Each structure stands twice: as structure tokens, then as C-alpha cells.
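Student: Supplied in C-alpha cells, the structure appears directly below.
The values are calculated or read from the model by the stated rules, or taken from the named source; none is laboratory data. Just so it is clear, the structure is predicted and the values come from calculations on it, not from any experiment. Don't worry about glycine lacking a Cβ; one is built from the backbone with ideal geometry, like all the others, and counts go over all protein chains shown. Keep in mind that these areas ignore ligands, DNA and RNA; they rest on the heavy atoms of the full protein, side chains included. Shrake-Rupley method; radii C 1.70, N 1.55, O 1.52, S 1.80 Å.
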Amino acid sequence: MTIVIPQDEYLITAGTAQTRDLYILASGVAGVFFQGRQISTLRAGGVVGEVASLSTHSEPIRTADIKALTNLRVIRIPHETVRGYLMQNAEFTMGLCEAIARRILFGDGLLSNAHTLIRKYLQTLTSYFQEFTKLDESIRTLNTKGDLAFLSERVTDVLRKNTALRDEFI
């Protein structure tokens with residue numbers, strides 16, 4: 001079945017449990033967006049929806065937005081048809097596996113984006129740990145000196161820095 005998607009409309013919306021169908025771009029240009037940022041461009045022959053189509057989860061979640069950058073004409077292949085064809089056609093199955101592997105290794109940036117977010121998260125956690133270690137040392141100092149003002153300043157300082165780190169991460 002051929003579907004026409006007008007320019008600026010979405011074929012797929014990330015985070016939704018839409019159909020498990022596979023789509024092949026017949027004409028036009030589509031943008032792949034992850035967290036609001038365009039990470040790839042697809043042209044005629046491009047395939048989208050392969051992860052959901054291969055998923056055995058009853059309601060697979062779409063991982064990226066697919067937006068028509070020009071008017072698109074796409075071929076919709078129902079999930080059941082894809083599954084049946086995969087079982088009967090090794091060449092098609094290998095082609096789909098290669099497309100997924102290419103996308104993972106070189107493609108749309110989802111993995112590199114995830115890696116960047118994880119690295120930043122770990123850096124933020126390390127900063128939190130360092131600040132709370134300093135706070136713990138301050139509490140130990142308080143126990144020996146009895147200086148409540150000193151503790152109050154340290155707690156306020158740690159909370160301010162950690163709020164800034166959190167805001168930067170988010």
C-alpha cells in the first residue's frame with residue numbers, strides 16, 4: 001500500500017506505540033530526528049520501522065521521529081507480511097539485517113547520542129560524588145569543632161553546585 005505524507009508531517013513519532021509496519025521511501029526526502037535534533041536524512045529506497053517490525057514486543061515503542069522534509073510517497077508493508085516474508089526469503093532477511101547493522105555502526109547517530117548522554121551522566125554523577133564527599137568531610141569537621149554556620153555554608157554550596165550540574169545535564 002502506498003501512502004502520501006505531506007511535507008512537514010510525521011510518518012513516525014518517537015516514544016509512541018504505533019503500528020509495527022515497515023516503510024520504504026518510494027520518493028521524497030525524510031528527516032530522522034532524535035530528541036528534536038535531525039540526525040539523518042533518508043531518500044528513496046530508505047527503510048524505516050524495521051526495529052518495530054522485527055520486535056516481538058506487543059507494542060514496540062518507536063525510537064525516532066520520521067518527518068517529511070518534502071512530500072513523501074512511502075510503501076507501507078504490514079508487520080505480518082514482513083514476518084512471513086522474512087521466514088521465506090533469506091536474501092530479504094539478510095538485506096534487512098545489513099540495513100540495521102549499517103544504521104547501528106555508521107548511521108543515524110542514535111548510538112553516538114546515547115553514548116554522549118551516558119558519558120555526561122557519569123561525569124555528573126562523579127561530580128555529585130565528589131561534592132558529597134566534601135560535604136561529608138565538612139560534617140566530620142563540624143563534629144570536632146561544633147561550627148553550625150560552617151556546615152550551613154557547605155550544604156548551601158553543595159546544593160547550589162549540584163543544582164547547576166543537574167540543570168546542565170537536563
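Student: In the stretch 3-22, how many are at pLDDT 90 or above and either more than 25 Å from GLY84 (Cβ to Cβ) or more than 18 Å from the chain's Cα centre (by Cα) (or both)?
Tutor: 8
Student: Within the group ALA14, ALA44, which residue is in a loop (DSSP other than H, G, I, E, B) and exposed (fewer than 15 other Cβ atoms within 10 Å of the Cβ)?
Tutor: Only one candidate qualifies: ALA44.
Student: Could we say that THR93 is open to solvent by less than 60 Å² (accessible area, probe 1.4 Å), free of Cβ contacts under 8 Å to residues at least 12 places away in the same chain, more than 13 Å from THR13 (Cβ to Cβ) and in contact with a Leu (Cβ under 9 Å, 6 or more places away or on another chain) here?
Tutor: It is true that THR93 is open to solvent by less than 60 Å² (accessible area, probe 1.4 Å), free of Cβ contacts under 8 Å to residues at least 12 places away in the same chain, more than 13 Å from THR13 (Cβ to Cβ) and in contact with a Leu (Cβ under 9 Å, 6 or more places away or on another chain).
Student: Turning to a different aspect of this structure: Could you tell me which numbered condition SER27 fails, if it satisfies all but one of (1) at pLDDT 85 or above; (2) open to solvent by less than 30 Å² (accessible area, probe 1.4 Å)?
Tutor: Condition (2) is where SER27 drops out.
Student: Looking at SER53, SER58, which is the one that is at pLDDT below 80, surrounded by 14 or more Cβ atoms within 10 Å (Cβ to Cβ) and either closer than 23 Å to THR81 by Cα or small (Gly, Ala, Ser) (or both)?
Tutor: Sole residue among the options that is at pLDDT below 80, surrounded by 14 or more Cβ atoms within 10 Å (Cβ to Cβ) and either closer than 23 Å to THR81 by Cα or small (Gly, Ala, Ser) (or both): SER53.
Student: Of the residues ARG102, ARG73, only one is modelled with pLDDT of 85 or more, farther than 15 Å from ALA52 by Cβ and not in a loop (DSSP other than H, G, I, E, B); which?
Tutor: Of the residues listed, the single one that is modelled with pLDDT of 85 or more, farther than 15 Å from ALA52 by Cβ and not in a loop (DSSP other than H, G, I, E, B) is ARG73.
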